[in-house]
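The next block holds one structure in the form of structure tokens; read it before the comments.
The values are calculated or read from the model by the stated rules, or taken from the named source; none is laboratory data. Since we're looking at a predicted model, the values are computed, not measured. All Cβ positions, even for glycine, are placed from backbone atoms using ideal geometry, and neighbour counts span all protein chains on display. These accessible areas exclude ligands, DNA and RNA; they are computed on the full protein's heavy atoms, side chains included. Shrake-Rupley method; radii C 1.70, N 1.55, O 1.52, S 1.80 Å.
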Amino acid sequence: MPTFEQLFAQHVATGMAHQLALADLIGERDWQLDLSTGQATFGTDLRYDIQLLGSESHSDETWLWAWANEASNIPPDLLRLSTWLREYGAGEQVPEFVTPGFPLARADGHRLALVAGSLTGRPYYRGPYDGGAVFFHLEGTPAQLSAPVRPERALTVLQQVISAFPLDHRTTARSFFEQQSWRVDEAADSMIVQHPEGTTIRVSFDDLGRISKIEGTLS
């Protein structure tokens, strides 16, 4: 069964692709969250149904899943995604998905939400508030937010992910390109990936398994 770190390496890049697309859509708009209607509003023109994932507390540096937040009386309809993740975690034996809360040092909201976003195809938003932040996923967003990305964006996503997080570079690259419908051919020290429309890229790895070079020609 995969550990959370293995799941993260497999899914972080696809989750990040969703987030970059969401950032392009939302831009600098303000946000508002209304739990009574189950909707988030961005600016004056964007409104989406939401599914609550969980929250971070900055006072004690902990994470709490939405399904475990009994004190907040969250409407059950807003807990379907977090409940599904708990069931997924139970089936795959991933403790982080079934434990009600734990220190952020173990897994923070961004890492959990990136995995959830890849598994479900939904982008997420981090809403800060005094003393913490709430994480929620958006429903009914434009299809292009979860569609396979263009080759140039794929390279941007991969480079951002390996710069931001300590992870297994080969697992992340392989999983991302496969999830994006690229053909992947692996060798001991490299990986040749081909986009359905023709772009071919060589990803080289050093002796420690880290990406050392990405080269190719976009078409």
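The figures follow:
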read-out	value
Qualifying positions in the range 73-120 - touching a residue at least 60 places away in the same chain (Cβ under 8 Å) and either within 15 Å of ILE50 (Cβ to Cβ) or aliphatic (A, V, I, L, M) (or both)	VAL94, ALA107, ALA113, LEU114, VAL115, ALA116, GLY117, LEU119
Residue, farthest from SER190 (Cα to Cα), within the range 158-174, restricted to residues that are polar (S, T, N, Q) and either without any contact (Cβ under 8 Å) to a residue 24 or more places away in the chain or open to solvent by less than 40 Å² (accessible area, probe 1.4 Å) (or both)	SER163
Flag for GLN6 being in contact with a Ser or Thr (Cβ under 9 Å, 6 or more places away or on another chain), of a type in the set (S, T, N, Q), surrounded by fewer than 23 Cβ atoms within 10 Å (Cβ to Cβ) and free of Cβ contacts under 8 Å to residues at least 24 places away in the same chain	no
Matching residues, the range 90-100, being touching a strand residue (DSSP E or B) at 6+ places or on another chain (Cβ under 9 Å) and exposed (fewer than 15 other Cβ atoms within 10 Å of the Cβ)	PRO95, PRO100
Residue in the range 190-197 that is out of contact with any helix residue (DSSP H, G or I) (no Cβ under 7 Å at 6 or more places or on another chain), part of a strand (DSSP E or B), on the phi < 0 side of the Ramachandran plot and not polar (S, T, N, Q) present	yes
